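The values are calculated or read from the model by the stated rules, or taken from the named source; none is laboratory data. Predicted model only: the values in this text are computed from it and were never measured. Note: ideal-geometry Cβ built from the backbone for every residue, glycine included; neighbour counts use all protein chains shown.
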Amino acid sequence: MNDALLDSRGGQLLVGLAAGAAGVAGSYAASGFNPTFVVSPIDRALSRNMPDAVVSFAIENLGSVGQQLNLLTAVALTWLVFGAGVTGTIVAGRAANNRLLPAVGTAVWTWLVTAGVTGAFVLSLGPVVPAVAVVALAQAFDAYRGTTDPISSKRRRALSTVGVALGATAVGVTVGQRRSSMGEKAPLEAQGVDEADVQTKLDIAGSNSFDIDGIEPLVSRSFFEVDINSIDPNPSADDYTLSITGAVESETTLSYDELQEMDAVNRFSTLRCVGDQLNGDKIDTALWSGVSLQDLVEKAGPQSDCDCVLLKAEDGYEVEFPMEAFNRGLAVYGMNGTQLPRGHGYPVRAVIPGHWGEVNTKWLTEIELLNREVDGYWEERGWEGTGPVKPTATLKHDTMLDDGRRRLAGHAYAGLRGVSAVEVSTDGGSSWSEAALSDPLPAAEGEGRAEDAWRQWRYSYDPPGSTHTAVVRMVDRDGNVQTSEETDPAPTGPSGWVSREFES
Ligand SMILES: Nc1nc2c(c(=O)[nH]1)N[C@H]1C(S)=C(S)[C@@H](COP(=O)(O)O)O[C@H]1N2
Ligand SMILES: [Mo]
């Protein structure tokens, strides 16, 4: 009777899958949560090839959970591909009676798959080492197997192999996690940026902010993140180029250094995702440092027939919108006095005042001037989120003060339409009073106020002692009252008044 673990079908598959898991973790250890992680391109291919209906369903019903499911599926697929290949080499090794074949085959297979999908030849050694180690160990266990109790010792060898693979996987995941969190929040050191101006503006934002629990200060502490990746691109600034192409006199390419040498603007701007909910959290404000997009494009000599432009990014994302909006925008590399963080588009993103979040292309690589309009990533999926934002007033805070009054607070934002007042009703909308507004953030240049930034509001009242509804709405600079008509986020963004019921 032959009791070698690697002679049984079950044992071969077990070792194959164990080595596969260690291999996936090894790739993670070498790359972290980066595009060179073997799962990354597979995750991307999966999500990009998902039918539109599934994508729309996932966005509306699952939110970022949809992305996590996609990532999990990609991990499982990669594991199976590794596992199947390794199992194959074990089976072949047995058939050919060749002890080297499984280890060599495992090395070649895991490297080929990883290098094939990521294109990173050296980092693709990451999965090779742990996967080969698991296979070699299983072989060694079999070679030195005891003779006293074949059944239990075979089981023990199986368990040992799985144990080693689990250990290797845990180590890989830990190392990968470390690697992933490196390089956050580097200081902004660009020649074109006036650092004193950045600091002054951030100080003003601090002192103008209401200090109220549960509502973000004027410069958000934590900034929401929305994009089509579960693993963000991580381009290097050294290799970075921004090309201006299409309907221009001469196509132009700029490096990261060239951008940083140009005179920069420090400008507050609020971003809001078209997929935000009524009273949602996909709205935030930062101080952005970068150069005028119009100035960049002037260099190339724009001659677009449709006065429209397509922005393209490292992750394959694309969005098309009018030149008129583009010309007001910035190519941004700094955020709140630090280097633009990876999650927000490092090295360079677009920040376009007054329009929905989706035009603020992160990891920006190309500006293509068009002669004819095209659909971008979200428009292909039924959204119409490239236009001006809809006005919003949120209600994020209520508390009983010591003097027996109740205080309500939130934000208001209407893009370039500006916020001139926030009105609060505590009788379900019959009568309205004006809330106090935080002092506006300063303009990028000169004495005025920031043209595309939210305001905070607060309002205190004597509670009536019976059930009542508080409602909030904003008024724009031209005196237009925000519409009460409620719409879903899809396809043009949410609208409506936010309300909250109180028992007393
Ligand atoms: N390259 C790229 N840029 C992108 C996206 C993306 O998926 N890829 N998402 C857009 C969307 S839908 C929004 S709302 C904003 C969000 O910016 P933030 O993640 O910095 O908050 O980025 C936009 N820019
Ligand atoms: Mo968005």
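Here are the numbers for the structure shown:
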quantity: Among residues of the range 471-496, those that are within 18 Å of Glu384 (Cα to Cα), part of a strand (DSSP E or B) and over 25 Å from the mean Cα position of the chain (by Cα), counted; calculated: 1
quantity: Meets criteria (more than 23 Å from the chain's Cα centre (by Cα), in a loop (DSSP other than H, G, I, E, B) and loosely packed, with under 15 Cβ neighbours inside 10 Å) for Gln191; calculated: yes
quantity: Some residue of the range 200-222 being β-branched (Val, Ile, Thr) and within 16 Å of ligand 1 (Cβ to nearest atom); calculated: yes
quantity: Residue that is part of a loop (DSSP other than H, G, I, E, B) and near ligand 1 (Cβ under 9 Å from one of its atoms), where the choices are Asp284, Asp305, Asp315; calculated: Asp315
quantity: Pick from the range 278-332, criterion over 27 Å from Thr392 (Cα atoms) and among the basic types (Lys, Arg), ranking: surrounded by the fewest Cβ atoms within 10 Å (Cβ to Cβ); calculated: Lys299
quantity: Subset of the range 364-415 (residues that are farther than 17 Å from Glu320 by Cβ and of a type in the set (Phe, Trp, Tyr)); calculated: Tyr413
quantity: All strands (runs of 3 or more DSSP E) inside the range 322-406 with 1 or more residues being not assigned by TED's automatic domain parsing to the domain that holds Val226; calculated: 397-400
quantity: Qualifying position, being small (Gly, Ala, Ser) and either surrounded by 21 or more Cβ atoms within 10 Å (Cβ to Cβ) or not in a helix (DSSP H, G or I) (or both), among Ala120, Ala115; calculated: Ala120
quantity: Helices (runs of 4 or more DSSP H) lying entirely in the range 5-87 (those with 3 or more residues that are under 17 Å from the mean Cα position of the chain (by Cα)); calculated: 39-48, 52-61
quantity: Listing of strands (runs of 3 or more DSSP E) fully contained in the range 228-279 that carry 1 or more residues being touching a residue at least 60 places away in the same chain (Cβ under 8 Å); calculated: 241-246, 265-272
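Per-residue answers, yes or no, for (1) in contact with a Gly (Cβ under 7 Å, 6 or more places away or on another chain); (2) among the basic types (Lys, Arg); (3) within 16 Å of ligand 2 (Cβ to nearest atom):
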site	(1), (2), (3)
Glu318	yes, no, yes
Val332	yes, no, no
Gln339	no, no, no
Arg349	no, yes, yes
Thr361	no, no, yes
Glu366	no, no, no
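Residues checked against (1) surrounded by 17 or more Cβ atoms within 10 Å (Cβ to Cβ); (2) farther than 30 Å from Val175 by Cβ; (3) among the charged types (D, E, K, R); (4) modelled with pLDDT of 95 or more:
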{"position": "Met1", "(1), (2), (3), (4)": "no, yes, no, no"}
{"position": "Leu6", "(1), (2), (3), (4)": "yes, no, no, no"}
{"position": "Gly23", "(1), (2), (3), (4)": "yes, no, no, yes"}
{"position": "Ala29", "(1), (2), (3), (4)": "yes, no, no, yes"}
{"position": "Val38", "(1), (2), (3), (4)": "yes, no, no, yes"}
{"position": "Pro51", "(1), (2), (3), (4)": "no, yes, no, no"}
{"position": "Ile59", "(1), (2), (3), (4)": "yes, yes, no, no"}
{"position": "Gly63", "(1), (2), (3), (4)": "no, no, no, no"}
{"position": "Trp79", "(1), (2), (3), (4)": "yes, no, no, yes"}
